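Here the structure is laid out as structure tokens; the discussion comes afterwards.
The values are calculated or read from the model by the stated rules, or taken from the named source; none is laboratory data. Keep in mind that what you see is a predicted model, and the values were worked out from it rather than measured. Note: ideal-geometry Cβ built from the backbone for every residue, glycine included; neighbour counts use all protein chains shown.
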């Protein structure tokens, strides 16, 4: 049985990774590792800066090529001081950087607050360019860059991580459905299809862009952490959880579920007990093994924040160059506020797709696209409607774990609903993907309680919608492009 599970895990990982790599090759960022410096990921740039990797300035005449030596540092300014533009996609790197100006008194200010002139004229002064995102993806990339050098790209890495996430969830679902008594329907293969091709994951994981790669690392790490906790591989689970949280802090919302799975381990086995039978010393020892890596990685992250932005709690978002209307929102309500909740909730739960019409008003190909802000989950993943049936359980352990899973889902998704921006030019509500493992786990319960015909219909509709989004993205038909 163990050999079968391991073989299935590898098959699903390979199959999904292969599909995602095809999507990555044809996707908007393409699958082209660069030999000078990355064209699509600030996270690679950040890890290179930590290592002090030299910059090679290419020339048509190889004899005129030059190498610029830099020292390990926290900012990526040297890469832009000497950058060679080879691809228009590189412009996105500049616009998403956290650009800070250190004033004579030692204070650090967003350059957008104090600068009104051309950016190029400030680069040689006290301007510093930072990667203004949590550093989890760079933590992951650091050893890979040491081993593989420049022969790495977040597009193919995102595809491999995407396949790993699906394989991890498939294996976790085998334990999960047995625990909740849903062993017959939907089948394991049907749930694997929903997981790999029926959600925004099929659009997000192969992209490799700055924002979506962060989510891919975080969601894959959380999926792996949940599986490893269920299998009681606690040190590795803690490492995966630490990587998830330091990639997207919203993943802290899954901690209650992790804790319950650690404490109630004896209740997770088939025919398990109704109450945990462990002493406090044993529980503390297990929790310590899970908590060690998140605490270390978390402290490193806070230290990096302090060294870069003079505050351990500032990830650099307020230093990013953003459009004026978004800047006004931040000044008025801050980055997270209940003032944004109503609009964000409307977009991610009730947002409508856009009909594509020609000048005469006729409905034409590609017929349906997403609103640039996203569209409601009803249209993106109809199978998640089955969560309405995942609200009761029979035994005490089932009730506890079901309630905590719902709680973890809400906590992971809430920051996205309070964020000052819904995201832009995106399919669906991608911030809801922070809770992707919990969405899948709860949907598996709900789908097993629906009439088989209805469950299959919801899954087929979800796959069609998500594959449609992936195909349109490969064809460079962006959300809202045809309105």
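Structure data summary
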item: Residue, farthest from residue 106 (Cα to Cα), within segment 304-328, restricted to residues that are in a loop (DSSP other than H, G, I, E, B) and in contact with a helix residue (DSSP H, G or I) (Cβ under 9 Å, 6 or more places away or on another chain); result: 322
item: In segment 203-239, the residues that are part of a helix (DSSP H, G or I) and either more than 14 Å from the chain's Cα centre (by Cα) or free of Cβ contacts under 8 Å to residues at least 24 places away in the same chain (or both); result: 225, 226, 227, 228, 229, 230, 234, 235, 236, 237, 238, 239
item: Conditions (1) farther than 28 Å from residue 134 by Cβ; (2) at pLDDT 80 or above; number of the one not met by residue 100; result: (1)
item: Elements of type helices (runs of 4 or more DSSP H) contained in segment 370-457, each with 3 or more residues being surrounded by fewer than 18 Cβ atoms within 10 Å (Cβ to Cβ); result: 396-417
item: Answer residue from segment 147-178, given it is assigned to a helix (DSSP H, G or I) and out of contact with any helix residue (DSSP H, G or I) (no Cβ under 7 Å at 6 or more places or on another chain) and is surrounded by the fewest Cβ atoms within 10 Å (Cβ to Cβ) among those; result: 147
item: Out of 44, 68, 19, 14, sole residue that is within 18 Å of residue 161 (Cβ to Cβ), exposed (fewer than 15 other Cβ atoms within 10 Å of the Cβ) and at pLDDT 75 or above; result: 14
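Every residue, every condition in (1) over 25 Å from residue 218 (Cα atoms); (2) not assigned by TED's automatic domain parsing to the domain that holds residue 327, yes or no:
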{"site": "384", "(1), (2)": "no, no"}
{"site": "428", "(1), (2)": "no, no"}
{"site": "436", "(1), (2)": "no, no"}
{"site": "442", "(1), (2)": "no, no"}
{"site": "455", "(1), (2)": "yes, no"}
{"site": "480", "(1), (2)": "yes, yes"}
